[in-house]
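Reviewing the structure listed below.
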Amino acid sequence: MRQWVGLSLLLAAPSGIFAAEGKVASARELLRMGFFQDFEELDISELLEGAEILLGIAGGRGASAERAPGVVSVLGDEEIRLRGVRTLQQALELIPGVDVTTDGLGRPRVVLRGVFSGATGGGSEDVLILVNGHRMDDPFLGGATLLNPSLPVANVKRIEVLRGAASALYGSGAVAGVVNVITYGPEDFSGIEATAEAGSFGTQRYAIRLGSRAGEFRTFGFLQYEDTNGARLLVPADSQTGHGPSLAPRHSEDGLQAIETNYRIEWHDFTMNLRIGNARGDGFIGLSDALGDNDLSYRQIASDLAYERKTAGSGVFRTTLSFGQNRYRQFLKPLPPGFEIAEGVFPDGVFIEQNADTRRFGLLGTWERDLGQHGIVAGVSVGRESAEDVEVRSNYDFATGEAVPDQTQFLPTAGGDDGRTLFGLFVQDDWKPSRSAAITAALRFDQVGDVSSVSPRIGAVFTLPNDVRFKLAYGRAFRAPTLAERELSVPLILSRAGLDPVHNDTLEAAVAVKRGALRASVAAYLSYLRDVIEPVGAFDPTRSRPIRNGPGTDLRGLELELRRSFGRSDSVFISLAVQDAEDRRTGLDAPFVPSALGNLGGTVFLRGGRVSVTPIWSFRTSREREPRDPRPPLAGHGLLGLTLRATGLYRTLSLTLSGRNLLDQRYYEPALLGGVPGDYPRPGRSVLLQASYLF
């Protein structure tokens with residue numbers, strides 16, 4: 001850890017927040033840097049300034065959330081602080097239509113508009129997560145949350161969420177939507193800020209943020225260390241209970257240690273970003289829903305170098321060279337001591353050791369130009385992604401159900417190294433035929449290995465009287481099979497060549513209103529998810545299942561988002577989603593998708609605006625099971641959270657006390673039939689205290 005702190009200090013030496021000609025910054029300028037002098041100088045519209053920022057997530061060119069050609073939600077840094085959010089997963093739970101569940105290894109799964117990903121082990125592979133535009137998903141297993149079980153938001157300036165099919169802009173993976181995380185940079189922050197946090201479950205976090213400017217050379221660094229024992233929840237029975245030896249009842253293993261670093265260097269027209277994330281976890285319950293001792297470690301490196309050139313007559317040219325490397329190491333005990341097959345008994349249980357390194361190289365070039373009523377964006381991308389050093393070692397072959405004679409032998413079904421080339425070509429036209437109408441049309445062609453796809457998208461925004469905007473949009477998205485799904489088998493899942501890509505067609509309509517202190521939007525959508533990649537047959541903790549393309553799901557729903565301020569500071573906010581997911585194979589409700597979910601909260605400022613109180617009530621309705629599952633639907637739940645924040649206690653000292661599930665509600669995440677009979681328990685009441693000081 002000392003090396004990381006030293007590197008941060010070298011990259012971002014402090015220069016003082018008021019160094020520019022000795023002037024005192026305005027409240028709005030200070031807000032952009034993440035702090036301010038006095039709440040009484042601020043209007044709530046400044047606190048909600050994220051809704052006014054020009055976004056590129058929906059159309060590739062700057063537009064506010066109300067004008068963007070798609071359904072977009074934005075969480076700004078001040079909202080994140082006021083609501084006591086600590087991780088990206090917690091932030092996404094505040095967005096309409098977004099649910100975050102947990103799998104048997106404790107990894108988060110982002111479920112957007114009822115698209116329940118993770119059936120083949122990747123988790124969240126149908127939601128594309130970007131950090132400063134850089135893809136965080138893993139080419140091998142898929143999904144960004146696999147490698148980032150606790151992505152911190154202490155260094156996040158803004159989170160943009162585009163719901164609906166978006167491959168016309170982003171290519172493979174943007175099936176249900178896109179999450180773009182914008183971090184702080186040297187243009188936002190100058191100085192040194194230190195943060196410390198401690199609370200329930202032995203949780204402790206320490207962070208430092210540094211920014212410096214020297215003429216055209218600007219640097220920024222961020223480092224956070226996290227260590228928690230986890231809730232250690234009682235699991236009365238697991239998948240082996242009643243079927244052989246079991247370690248239940250026993251407490252889950254929820255420990256997590258993580259280091260997150262971000263660096264940015266800006267010089268003239270060049271920008272370099274570097275992110276390094278390291279995490280190690282205990283594996284919650286286990287790979288096969290059987291309690292055991294596990295050790296999971298992940299490392300992700302994401303870097304890019306961008307160059308932007310603006311010319312008066314030719315437009316804006318941007319070039320980005322990117323590199324990403326992911327590494328995961330897992331030692332798992334999926335079946336307990338005493339597990340027995342016809343050949344004999346495993347006295348020490350079944351172990352699995354998995355190792356894989358993946359790499360992705362990419363080059364993206366774009367051109368943007370205004371041509372009267374038309375704004376053109378065109379681009380081309382080329383790249384290569386690969387899985388290397390893929391090793392799966394075990395004393396038991398899940399494919400055959402037989403013992404492996406030599407414990408040093410690699411499983412024959414695991415496969416070997418694999419890779420594929422990437423190519424994308426896209427064009428978009430923003431046409432404004434009148435002052436009250438804007439039409440955006442985009443088309444993209446992608447070649448991902450041997451999979452090709454064409455992704456169209458068209459959206460229209462009509463400005464009506466009284467600051468009302470009406471939107472219509474259609475998009476088609478796809479996800480190519482991951483390398484593991486295509487060639488490389490992993491325990492419990494057998495790969496299959498010739499899989500078709502997942503497709504999603506989305507049609508949506510929305511009304512957005514921005515009037516004074518009120519911001520509100522209502523969206524309705526229809527989505528047709530096809531060719532989903534899913535396992536065949538019932539879950540069996542002792543055997544692998546082949547995978548196939550399934551018929552998919554029909555999804556429809558309504559989403560409401562409202563923010564209303566009162567006076568200069570106090571506010572209320574509501575997010576609500578009502579959704580229906582129908583399994584095309586059975587005609588029944590798709591499993592594990594709640595019919596309604598949402599949040600209700602507000603912020604009240606006290607003591608001249610230096611103290612804020614933010615309560616939040618979050619709820620999920622009941623969720624249906626798989627068709628063959630005799631258990632009743634998983635009960636819904638409602639959780640109460642509360643955040644108290646005080647600023648200016650001593651110079652720049654700020655304290656934040658946040659509590660989650662304050663009523664100590666017992667609630668669970670769904671487990672498959674044949675897995676944990678009582679589902680996955682979730683944490684009870686927790687309290688965290690955070691202190692930050694700006695030097």
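The values are calculated or read from the model by the stated rules, or taken from the named source; none is laboratory data. Computed from a prediction, not measured in an experiment: that's the story for all the values here. Neighbour counts run over all protein chains shown; Cβ positions are idealised from the backbone, glycine included. Heavy atoms of the whole protein, side chains included, go into the accessibility calculation; ligands, DNA and RNA do not. Shrake-Rupley method; radii C 1.70, N 1.55, O 1.52, S 1.80 Å.
Shown here is the pair-distance distribution of segment 358-458: with all Cα-Cα distances grouped in 10 Å bins from zero up to the longest one, the shares run 13, 25, 20, 16, 12, 8, 4, 0 percent.
Using only side-chain charges placed at the Cβ, +1 for Lys and Arg and -1 for Asp and Glu, the dipole size of segment 418-542 relative to its Cα centre rounds to 880 debye. Taken along the Cα-to-beta-carbon direction at a fixed 7 Å, the label points for S452 and Y474 span 2.3 nm.
Across W267, W367, the residue with the most accessible area heads the list, and the full order at a 1.4 Å probe is W267, W367. Accessible surface calculations at 1.4 Å, restricted to protein heavy atoms, place segment 488-532 at 38 Å² per residue.
Each pair of Cα atoms in segment 140-186 enters the Kirkwood radius, and Stokes-Einstein at 4 °C and 1.567 mPa s then converts it into a translational diffusion coefficient of 106 µm²/s.
Please compute the length gained on full extension between L363 and W617, using 0.36 nm multiplied by the number of residues separating them and subtracting their Cα-Cα distance.
Additional length available on full extension: 87.1 nm.
Counting only lysines at least 8 places from K514 when in the same chain, those with an alpha carbon closer than 18 Å to its own are K471. A simple spin-label model places the labels of A520 and N229 4.8 nm from each other, with each point 7 Å out along Cα-to-Cβ. Judged by the gyration tensor of its Cα atoms, with axes a ≥ b ≥ c, segment 557-695 is prolate; a/c meets the 1.5 cut and a/b is the larger of a/b and b/c.
Placing pseudo-labels 7 Å out from each Cα toward the beta carbon at D293 and I574 gives an inter-label distance of 5.3 nm.
Sorted from greatest to least, the principal axis extents spanned by the alpha carbons of segment 231-323 come out as 74, 23, 18 Å.
Taken along its principal axes, the alpha carbon cloud of segment 90-162 reaches lengths of 33, 25, 21 Å, longest axis first. Less than 30 Å apart at the alpha-carbon level, and either on another chain or at least 8 residues along: which lysines does that give for K310? Output for K310: K157, K432. Here the 3J(HN,Hα) profile of segment 599-608, calculated from phi with Karplus coefficients 6.51, -1.76 and 1.60 at θ = phi - 60°, is 9, 9, x, x, 10, 10, 9, 10, 6, x Hz, Gly and Pro shown as x.
Taking the Cα centre of segment 300-426 as the origin and placing charges on Cβ (Lys, Arg +1; Asp, Glu -1), which of I301, A342, L425 is farthest toward the positive end of the dipole? Checking the options against the dipole of segment 300-426, the answer is L425.
For segment 127-254, the percent of C-alpha pairs falling in each 10 Å distance bin, counted from 0 to the bin holding the largest distance, reads 10, 26, 27, 25, 9, 3, 1.
Annotation: Cα Rg of segment 528-604 relative to the compact-globule expectation 2.2 N^0.38 Å equals 1.70. If you take all other residues with their beta carbon under 10 Å from the beta carbon of K310, and give Lys and Arg +1 and Asp and Glu -1, the sum is -1.
Is the shape of segment 156-211 rounded, prolate or oblate, going by the alpha carbon gyration tensor and its root eigenvalues a ≥ b ≥ c, with a/c under 1.5 for rounded and a/b larger than b/c for prolate?
Judged from the Cα gyration tensor, segment 156-211 comes out oblate (a/c at least 1.5, b/c at or above a/b).
Remark: segment 441-452, residue by residue, has Karplus-estimated 3J(HN,Hα) of 10, 9, 9, 9, 10, 10, 10, 10, x, 9, 9, 10 Hz, where x stands for each Gly or Pro and the curve is 6.51 cos²θ - 1.76 cosθ + 1.60 at θ = phi - 60°.
If each residue of separation counts as 0.36 nm, what is the full-extension length gain between L321 and F566 once their alpha-carbon separation is subtracted?
83.6 nm
Starting from the Cα of R435, move 7 Å in the Cα-to-Cβ direction to define the label point; list residues of segment 467-510 whose amide nitrogen is under 15 Å from there. In segment 467-510, the label zone of R435 (backbone N under 15 Å from the point 7 Å along Cα→Cβ) covers 467-468.
Apolar share of the accessible surface for the chain: 57 percent from carbon plus sulfur atoms, 1.4 Å probe.
Between V382 and V511, residue separation times 0.36 nm minus the direct Cα-Cα distance comes to 42.7 nm.
Compactness of the chain is given as radius of gyration and Dmax, 24.8, 81 Å, from Cα positions.
For the chain, the dipole from Cβ point charges (+1 on Lys and Arg, -1 on Asp and Glu) about the Cα centre works out to 1880 debye, to the nearest 20.
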